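Engineer: Would you mind keeping the following structure in view while I ask a few things?
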Amino acid sequence: MGTGVIGAMTAWRLALRGARVLAFDTYAPGHDRGASAGETRIFRTIYKEGGQYVPLLRRARELWDELERTSGRRVLTGTGCLTVGRPDDPDVRAVLDCAAEYQLPHQTFDAREMRDRYPQHAVDDDEIGVLDPQGGVLRPEVGVQVALARAAEAGAEILPYHRVREIERHRGGWRVHAGERWFDADWLVLAPGPWAARTPLLADIPVHAELITACWFAAREPETVAPRAFPVGIRRHVEAGFSFFPCVDGVSVKVIPHHLARPVVDTPDALPRSRDAEFTRAAAEAVRRLLPALVPHPIRIGTYSDGFTPDHNAALGPIPGQDDALVLTGFSGHGYKLAPVFGELAAELVLDGANPRFDISYLDPSRFPASRAATAAAAR
């Protein structure tokens, strides 16, 4: 269930291994309500979220390359990934520690070097930049559609506009009521994204949906913020924090504020399609202060949503209390880049059993108290 990037990649990897796959979605592939929207996403290998992700990121890069090679479509453009901030900022420190622990290639620039090399950014005297040369920018909607096309070529049946209305046990397997039909399946794989909280089988996994807002600002000179000149990246400053992306439309740069509130949303089906004037003013002020290459007034605002867990790590593994049902959800704003390897791990769990190639115990859905209780109750 779900054909966002996680469901799409899972369908691709399962179908390649010969599984008969049915993939349902309420909307069309690459829609703008869930976590696979927004025109551009970051790929990075020096990971502030924890070094345990580095082996997964390496494999994810191999799979992105495979998807491009086999489809003939460009999804990932190498730009490098730049983290900018004070050396004692927790995220900057985490990037430096991850690079050192895993001996990952990187470059560090002091404030003077940053001003010389990346004048698009305004940096304070006590700030640095850390460049991950293996980083780049992903095209999320394209990635979803290409992965689903590859899955369909391998035999998967992709069923958009099939809202899942009911799931029930049936003859040792599952029955799924989607659209106007019932479908039988031996295995159930749920990739509901920010709809997790509205999925009854996942009631014991604490995932809530948050509103993500992206703002596009016109570039003063678009060639100075093109992918070859302006790495994708993350900015941490005492006054503001945001992600920034190179210009891919010849006009504007996308900025996602991190220092402004992300409201919890009841359902991604009814997202507000813009934000109020105060949010816009605060986002514009951050750009005015820290990105002088841009005109500090957004020309476009887009909203989408993602599912967040309490520890900001995904829930990936068997649904507590079920031995033939899998969940992948709660990617907490950093799942897109890892989606191919998460899809591959899901395929391994379904087809090979409980020993995937990487240690993902920190993603176990049963790590939450309510989930552990559900598992214990099912075992009695």
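The values are calculated or read from the model by the stated rules, or taken from the named source; none is laboratory data. All of these numbers come straight from a predicted model, not from anything done at the bench. Positions of Cβ are backbone-derived with ideal geometry, glycine not excepted, and every protein chain shown enters the neighbour counts. For accessibility, only protein heavy atoms count, side chains too; no ligands or nucleic acids. Shrake-Rupley method; radii C 1.70, N 1.55, O 1.52, S 1.80 Å.
Engineer: Gaussian network model of the chain, Cα springs within a sub-10 Å range: biggest mean-square fluctuation belongs to which of ASP359, ASP132, ASP32?
Structural biologist: Comparing ASP359, ASP132, ASP32 in a Gaussian network model of the chain, the most mobile one is ASP359.
Engineer: In debye, nearest 20, what is the charge dipole magnitude of the chain about its Cα centre with +1 on Lys and Arg Cβ and -1 on Asp and Glu Cβ, if you could check? Before the final figure, lay out the partial values.
Structural biologist: Details: 44 positive and 49 negative charges, 119 e Å.
Computed charge dipole of the chain: roughly 560 debye.
Engineer: Name the helices (complete DSSP H segments) of the chain with a Cα length along the long axis of 24 Å or more and a Kyte-Doolittle mean of at least -1.0, or state none.
Structural biologist: Counting only whole DSSP H runs, the qualifying helices are 54-71.
Engineer: Taking only Cα atoms and a 10 Å spring cutoff, compute GNM fluctuations for the chain and point out the largest among PRO231, PRO200, PRO119.
Structural biologist: Its mean-square fluctuation being the largest, the pick is PRO200.
Engineer: Which one of LEU190, LEU57, LEU260 has the biggest mean-square fluctuation once the chain is modelled by GNM with Cα springs under 10 Å?
Structural biologist: Comparing LEU190, LEU57, LEU260 in the GNM, the peak value goes to LEU260.
Engineer: Can you work out D for the chain in µm² s⁻¹ from Stokes-Einstein, where Rh is the Kirkwood radius over C-alpha pairs, the temperature is 10 °C and the viscosity is 1.306 mPa s? Before the final figure, lay out each step's value.
Structural biologist: On the way: Rh = 21.4 Å.
For these conditions, the coefficient is 74 µm²/s.
Engineer: How large is the Rg to Rh ratio of region 176-237 when both quantities use alpha carbon positions and Rh follows Kirkwood?
Structural biologist: 1.24
Engineer: Which one of ALA282, ILE256, THR224 has its Cα pushed farthest toward the positive end of the charge dipole of region 212-291, where Lys and Arg give +1 and Asp and Glu give -1 at the Cβ?
Structural biologist: Selected residue: THR224.
Engineer: Return the equivalent ellipsoid semi-axes of region 245-380 as a descending list in whole Å, where each equals the square root of 5 times an eigenvalue of the C-alpha gyration tensor.
Structural biologist: 39, 18, 12
Engineer: A further question follows. Taking a probe of 1.4 Å, how large is the accessible area per residue of the chain, in Å²?
Structural biologist: I get 41 Å² per residue for this part.
Engineer: Taking square-rooted eigenvalues a ≥ b ≥ c of the alpha carbon gyration tensor, is region 148-190 rounded, prolate or oblate, where a/c under 1.5 means rounded and, failing that, a/b exceeding b/c means prolate?
Structural biologist: It comes out oblate by the Cα gyration axes.
Engineer: A follow-up question, please. Could you give the length gained on full extension between ASP249 and VAL142, defined as 0.36 nm per residue of separation minus the Cα-Cα distance, in nm?
Structural biologist: Separation in residues times 0.36 nm, less the Cα-Cα distance, equals 37.1 nm.
Engineer: Among residues other than ALA240 whose Cβ falls under 11 Å from its Cβ, what is the net charge (Lys/Arg +1, Asp/Glu -1)?
Structural biologist: For residues surrounding ALA240, the net value is +2.
Engineer: Let me ask something additional. Test of understanding: what is the full-extension gain from SER361 to ASP184, defined as 0.36 nm times their sequence separation minus their Cα-Cα distance?
Structural biologist: Value of the extension gain: 60.7 nm.
Engineer: Kindly provide the Kirkwood hydrodynamic radius of region 1-159 in Å, to one decimal, from all pairs of distinct alpha carbon atoms.
Structural biologist: Value: 17.3 Å, from the Cα pair sum.
Engineer: Which value, in Å to one decimal place, does the Kirkwood hydrodynamic radius take for region 144-287 when every pair of different Cα atoms is included?
Structural biologist: Radius from the Kirkwood sum: 19.0 Å.
Engineer: How big is region 133-224 on each of its three principal axes, counting only the C-alpha atoms and giving the largest first in Å?
Structural biologist: Largest first, region 133-224 extends 63, 35, 29 Å along its Cα principal axes.
Engineer: Continuing with the same structure: Gain in length, ARG117 to ARG165, computed as 0.36 nm per residue apart minus the alpha-carbon separation, to one decimal in nm?
Structural biologist: Values: separation 48, 0.36 × 48 = 17.28 nm, distance 5.38 nm.
Separation in residues times 0.36 nm, less the Cα-Cα distance, equals 11.9 nm.
Engineer: Something else: Count neighbours as other Cβ atoms within 10 Å of each site's Cβ, and list the GluC sites (Glu not before Pro) in region 128-193 that are DSSP loop with at most 10 such neighbours.
Structural biologist: Working: sites: GLU141, GLU153, GLU157, GLU166, GLU168, GLU180; in loops: GLU180.
Those that pass, being in a loop and sparsely packed, are GLU180.
Engineer: By its C-alpha gyration tensor, with a ≥ b ≥ c as the square roots of the eigenvalues, how is region 198-274 shaped: rounded for a/c under 1.5, else prolate for a/b larger than b/c, else oblate?
Structural biologist: prolate
Engineer: Quick one: dipole size for region 106-146, taken about the Cα centre, charges +1 on Lys/Arg Cβ and -1 on Asp/Glu Cβ, in debye to the nearest 20.
Structural biologist: With Lys and Arg at +1 and Asp and Glu at -1, about 300 debye.
Engineer: Specify whether the C-alpha gyration tensor of region 236-282 places it in the rounded, prolate or oblate class, a ≥ b ≥ c being the square roots of the eigenvalues: rounded for a/c under 1.5, otherwise prolate if a/b is larger than b/c and oblate if not.
Structural biologist: Verdict is oblate for region 236-282.
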